[in-house]
Amino acid sequence: MRSKITSLLMIATLVVILPPLTVNAESMPAPPDSNLQFNLDGAGATFPFPLIDLWRVEYNKIYHNVNLNYQSIGSGGGIKQHIEKTVNFAASDAPMSESERELAPCTITIPEAIGGVTVVYNLPEIPQKGLKLTGDEIADIFLGKITKWNDPRIAKHNEGVNLPDKEIVVAHRSDGSGTTFVFTEYLVSVSPEWDEQIGKGKSVPWPVGLAAAGNEGVAGIVKSTPYSIGYVELAYAFQTEMSFAYVQNHDGTSFIEPTLQSISAASSGVAKSLPKAEDSWVGVNLVSAPGKDSYPIASFTYLLIYDDLKPVTKNKEQAKAVIHLIYWMITEGQKYSSDLLYVPLSDPVVELGKKGLSKITYDGEVLWNYSGTLETQQYQIPKWIRDNAKWWSEGLISDQDYINGLQYLIQQGILKI
């Protein structure tokens, strides 16, 4: 008899769960009310636009009553609309600056994906990808100091490549751009001269070059202009079949092709050092990450949302729909990232985003109670359950009393077998 009880106890205690009154660790935001129609508005970065647009389509397949209108106008434009409270959420490849946070206090920052910025070129003599460039060479090209494709510095590590004796045509963004922020943040990290003369930002005083709006605009210039060079997000380079450079890594040991693997290598281990979603993200970056396999021009791209949605939504139900959409983007939606050459978020970064979403309210009313995943919560078997087992093992209660106790725990859902 006692051996049977022991077996039952061993099985049961392996699956102790929390009492019903405890917040469900696997909970998710309530789905959009199927009886209502929701039109949600977002604006900002062009960097994640291919992914956001796919999310729009896939989410609508599941929730037919939710339509997302995302304006791919650049990170600067997205932050401007966020500050003016004309959209439900914004997207930016650069964290908000302290001055922007002063204009939009109580902003929650939620990473949505990780991507890379590629250096693209149009060389009729070299139609394939793989031209090797160092960081200081890229900086000097965009400073106007290296003006010919067959410059000895470029030729030095491109032996056997037919570099033409042609003027380099530089292309850059004309709009406020998170892609520009990431690219210039990289140039600052590799070139003291760029740091001193130009600096970093969503918009900078370019010394040379042709300007166009959006990743698509820069891609358009480079594709249509022989001997040109520019910078675009990795997905745009692949989608438009552009040639792109292999950029020397931070360690100076090799030239790295921008791929999912090399961008992921740049982001490995960063989760532990990230701030909370409600805190400032100024200074967070992935550029010039150490590691022999790390591509040096990588970045998070972010969603920006107020911690009280009443000023930017029509009603509480729309606010709940916004939270559910963003939750889906950073969880289920991540499975679409790799196909578009974005690195999916790691579990700790997703957890950070969930905790950020749980702080969002509507007129002060919490919209989603969330206390963490099973891994982040600390669970303990209640003392009275342990005491019951102890008393039985010491012979202080009968076998039948203990069986009755186990049956009660199972009936109440505290134990499962």
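The values are calculated or read from the model by the stated rules, or taken from the named source; none is laboratory data. Since we're looking at a predicted model, the values are computed, not measured. Ideal geometry is used to build each Cβ from the backbone, glycine not excepted, and the neighbour counts take in all protein chains shown. These area figures cover heavy atoms from the full protein model, side chains too; ligands, DNA and RNA do not enter into them. Shrake-Rupley method; radii C 1.70, N 1.55, O 1.52, S 1.80 Å.
A few remarks follow.
- Student exercise, segment 250-321 dipole from Lys, Arg, Asp, Glu Cβ charges, in Debye to nearest 20: 300 debye
- Sequentially through segment 109-115, phi angles give Karplus couplings (6.51, -1.76, 1.60; θ = phi - 60°) of 10, 10, x, 10, 5, 10, x Hz, Gly and Pro residues having no value and appearing as x.
- Highest to lowest packing among 122-133, 165-176, scored as the average C-beta count within 10 Å: 165-176, 122-133
- The phi torsions of segment 175-184, fed into the Karplus equation with coefficients 6.51, -1.76 and 1.60 and a -60° offset, translate into couplings of 9, x, 9, x, 4, 5, 4, 4, 5, 6 Hz, rounded to whole numbers, with Gly and Pro shown as x.
- Amide proton proximity set for residue 233, modelled H, under 5 Å, gap of 5+: 118
- From phi via Karplus (6.51, -1.76, 1.60), per-residue ³J(HN,Hα) for segment 234-244 in Hz, x at Gly/Pro: 4, 4, 5, 4, 6, 4, 9, 6, 8, 7, 9
- DSSP beta bridge pairing in the chain, given as percent antiparallel to the nearest 5: 60 percent
- Where only DSSP H runs of four or more residues are counted, the chain gives -10500 deg cm²/dmol as its mean residue ellipticity at 222 nm, each run worth -39500 (n - 2.57).
- Helix 2-13 vs. the chain, principal-axis angle (Cα, 0 to 90°, nearest 10): 30 degrees
- With 27 Å as the limit on Cα-Cα distance, the pairs of 145/202; 61/316; 166/292; 272/354 that go past it are 166/292.
- Residue-normalised accessible area of the chain, expressed per residue, 1.4 Å probe, Å²: 45 Å²
- Here the accessible area of the chain is 52 percent carbon and sulfur, with a 1.4 angstrom probe and all protein chains present.
- Overall dimensions of segment 300-340 as given by Cα atoms, namely Rg and Dmax in Å: 12.3, 36
- Size of electric dipole in the chain: Cβ of Lys, Arg +1 and of Asp, Glu -1, about Cα centre, debye, nearest 20: 840 debye
- Positive-pole candidate from 191, 73, 304, dipole of the chain, charges at beta carbon: 304
- In this Cβ point-charge picture (+1 for Lys and Arg, -1 for Asp and Glu), segment 119-215 has a dipole of about 220 debye about its Cα centre.
- Most positive-pole-ward Cα, 369, 213, 247, against dipole of the chain from beta carbon charges: 369
- Here, the chain yields an orientationally averaged convex hull projection of 25.4 nm² when only Cα atoms define the hull.
- Listed residue (238, 32, 286) projecting farthest to the positive dipole end of the chain, Cβ model: 32
- Near the amide H of residue 150, within less than 5 Å, lie the amide hydrogens of 166, all on another chain or at least 5 residues away, with H placed in the peptide plane.
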